[in-house]
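The next block holds one structure in the form of structure tokens; read it before the comments.
The values are calculated or read from the model by the stated rules, or taken from the named source; none is laboratory data. Since the model is a prediction, treat every value here as computed from it, not as a measurement. Glycine also receives a Cβ, built like all others from the backbone with ideal geometry; neighbour counts cover every protein chain displayed.
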Amino acid sequence: MAAASPGQAATIWPERWSAAFRPDVARGGGQRLPQRQRSVIGRRAAVEQNGGVAERPAAERGRRIEEVLRLTGLGAMADRYPHQLSGGQVQRGGIARALAVNPDILLMDEPFSAVDALTREGLQDEVLRIWSESGKAVLFVTHDIGEAAFLADRVIVLSGRPAGIALDLSIDLPRPRARGSDALGAYAGQIGAAL
């Protein structure tokens, strides 16, 4: 997690890796760190009621909900219920919930594994935009080599048990990055070789 500092994206590539993550264990500045995004928002509440800021004063709560809905592109969906949203919108709702508590680090554990390839690419672009606009550090866990190379400034590949670092690779490419470029493919090749 050393790579996850404000203004820097990080990807961890797990190979046969699993861990129980408890956001209540790590605390800092009175808030939970890191805050994990949820892939499913509440079933009976509208998007704006799923903001994860219930403990805040009403004025601050409303302002924060509007801010994260705008940031995630869900402003027009605030009065919709989860069954009225597309899969990509539900994923962005999960990101909005995580951002609502204003964490220093956003943990994204394979958030796009259940969506189709086209939606995945769109959501990757959305995460990059949100990361750029919010300045939040992002720790992104994925099993997709191309996704790791495209999103990250730093990729850490974990080895099998006992887990260790098999590769710590800085992705030194300017943004925006072109999917399918030779340079991105070269980094993806290095990641693949470490597996």
Being modelled with pLDDT under 90, of a type outside the set (Lys, Arg) and more than 16 Å from the chain's Cα centre (by Cα): is that true of Ala163 here? yes
Of a type in the set (Asp, Glu), over 18 Å from the mean Cα position of the chain (by Cα) and part of a loop (DSSP other than H, G, I, E, B), is that true of Asp172? yes
Where Leu118 falls short, out of the listed (1) in contact with a strand residue (DSSP E or B) (Cβ under 8 Å, 6 or more places away or on another chain); (2) of a type in the set (A, V, I, L, M, F, W, C); (3) not in a strand (DSSP E or B): (1)
For the range 145-184, give me the residue count where each residue is without any contact (Cβ under 8 Å) to a residue 12 or more places away in the chain and not hydrophobic (A, V, I, L, M, F, W, C). 7
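The rows are residues; the columns are (1) polar (S, T, N, Q); (2) within 14 Å of the chain's Cα centre (by Cα); (3) surrounded by 20 or more Cβ atoms within 10 Å (Cβ to Cβ); (4) not assigned by TED's automatic domain parsing to the domain that holds Asp153.
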{"position": "Thr72", "(1), (2), (3), (4)": "yes, yes, yes, yes"}
{"position": "Tyr81", "(1), (2), (3), (4)": "no, no, no, yes"}
{"position": "Ala98", "(1), (2), (3), (4)": "no, yes, yes, yes"}
{"position": "Ser113", "(1), (2), (3), (4)": "yes, yes, no, no"}
{"position": "Ala117", "(1), (2), (3), (4)": "no, no, no, no"}
{"position": "Leu128", "(1), (2), (3), (4)": "no, yes, no, no"}
Failed criterion for Met108 (all others in (1) surrounded by 21 or more Cβ atoms within 10 Å (Cβ to Cβ); (2) not assigned by TED's automatic domain parsing to the domain that holds Glu133 hold): (2)
Per-region count, the range 155-178, residues surrounded by fewer than 19 Cβ atoms within 10 Å (Cβ to Cβ) and either outside the structural domain of Gly122 (by TED's automatic domain parsing) or within 30 Å of Ala100 (Cα to Cα) (or both): 5
At pLDDT below 85, closer than 21 Å to Glu147 by Cα and not assigned by TED's automatic domain parsing to the domain that holds Leu139: does that describe Gly87? yes
Which one is surrounded by the most Cβ atoms within 10 Å (Cβ to Cβ), of the residues in the range 130-144 that are outside any loop (DSSP other than H, G, I, E, B) and free of Cβ contacts under 8 Å to residues at least 60 places away in the same chain? Ile130
